[in-house]
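Rule-based calculations on the coordinates, nothing more; no lab input. All values derive from a computational prediction rather than experimental measurement. So basically every Cβ, Gly included, is an ideal-geometry build from the backbone, and we count neighbours across all protein chains shown.
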Amino acid sequence: TEVERHYGVPWMRMPATRGGRPRHGLVHALRQRQAMSRLLCQLCGGPTVGTRKDARTLFLAAGARQALYAGEPTASPPVHAVCARLAVEHCPPLHRRGWAAALVERTPVWGVAGTVYDPLTLERVPGPEDGEGLHRVAFTDTRRIRWTLAARLVITLEGVTPVTDLDALADEETAMIRAMR
Ligand SMILES: [Zn+2]
């Protein structure tokens, strides 16, 4: 099969999901990369650009431990405030384990998450046990990135302001979208 290259790295090709929206954590490579590079909402797939007056972007992470930090690499695309509010109310893992949200000023690309191969044996290097078992490799790691098959685009969050009141943000967003019509 042919290999697609983006950001100078070969990418995994995965079968398209069968109908409907992807479930949390099952976003496939193409959709994730497009969502990241175009800042599409990971929940509804719509553009987040132009939904806030200050041009910042909202990010949401699951887990009580996780605040969102400046400089933190992430493979989770942004969210609309309206979609985030729905998700924290109705998505059981977010409800149970908690969540953290932040408004972010800049989202420079950092690298990829993917499968890494040993240049000598050409064997797959075992990934971390947690999550999807993917290695995170920075674009600046020029040696390792040559042996990486990418599955996710990873960005960093810069200019991070933590958010706890999703209601207020969602109301602002709704007003902004109405005003644009
Ligand atoms: Zn959305």
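Using just the helices of the chain, give the 222 nm mean residue ellipticity in deg cm²/dmol: DSSP H runs with n ≥ 4 each add -39,500 (n - 2.57), and the total is spread over all residues, rounded to 500.
-7000 deg cm²/dmol
Using the basic label-point model (7 angstrom from Cα toward the beta carbon), what is the ARG106 to ALA138 distance in nanometres?
Computed distance between label sites ARG106 and ALA138 equals 1.6 nm.
Beyond 16 Å, what percent of the Cα pairs of the stretch 78-181 remain?
The calculated P(r) of the stretch 78-181 puts 70 percent of pairs beyond 16 Å.
Could you work out the relative contact order of the chain? I mean the mean sequence separation of Cα pairs under 8 Å and 6+ apart, divided by the number of residues, in percent.
Value for the chain: 26 percent.
Assuming R0 = 25 Å, what is the FRET efficiency of THR161 and MET12, from their Cβ-Cβ distance, to the nearest 0.05?
0.15
Based on the Cβ-Cβ distance from ASP171 to VAL49, what FRET efficiency comes out when R0 is 22 Å, to the nearest 0.05?
0.70
Report the local net charge at ALA170: Lys and Arg +1, Asp and Glu -1, summed over other residues whose C-beta lies under 14 Å from its C-beta.
-3
Output the Kirkwood hydrodynamic radius of the chain, Cα pairs only, in Å rounded to one decimal.
That comes to 17.3 Å for the chain.
Under the rule that an exposed site lies in a DSSP loop and has at most 15 other Cβ atoms within 10 Å, name the longest stretch of the chain with no GluC sites (Glu not before Pro) of that kind, not counting the sites themselves.
Longest stretch, sites excluded: 3-122.
For ASP118 and ARG146, compute 0.36 nm times the residue count separating them, minus their Cα-Cα distance, and round to one decimal in nm.
Additional length available on full extension: 9.0 nm.
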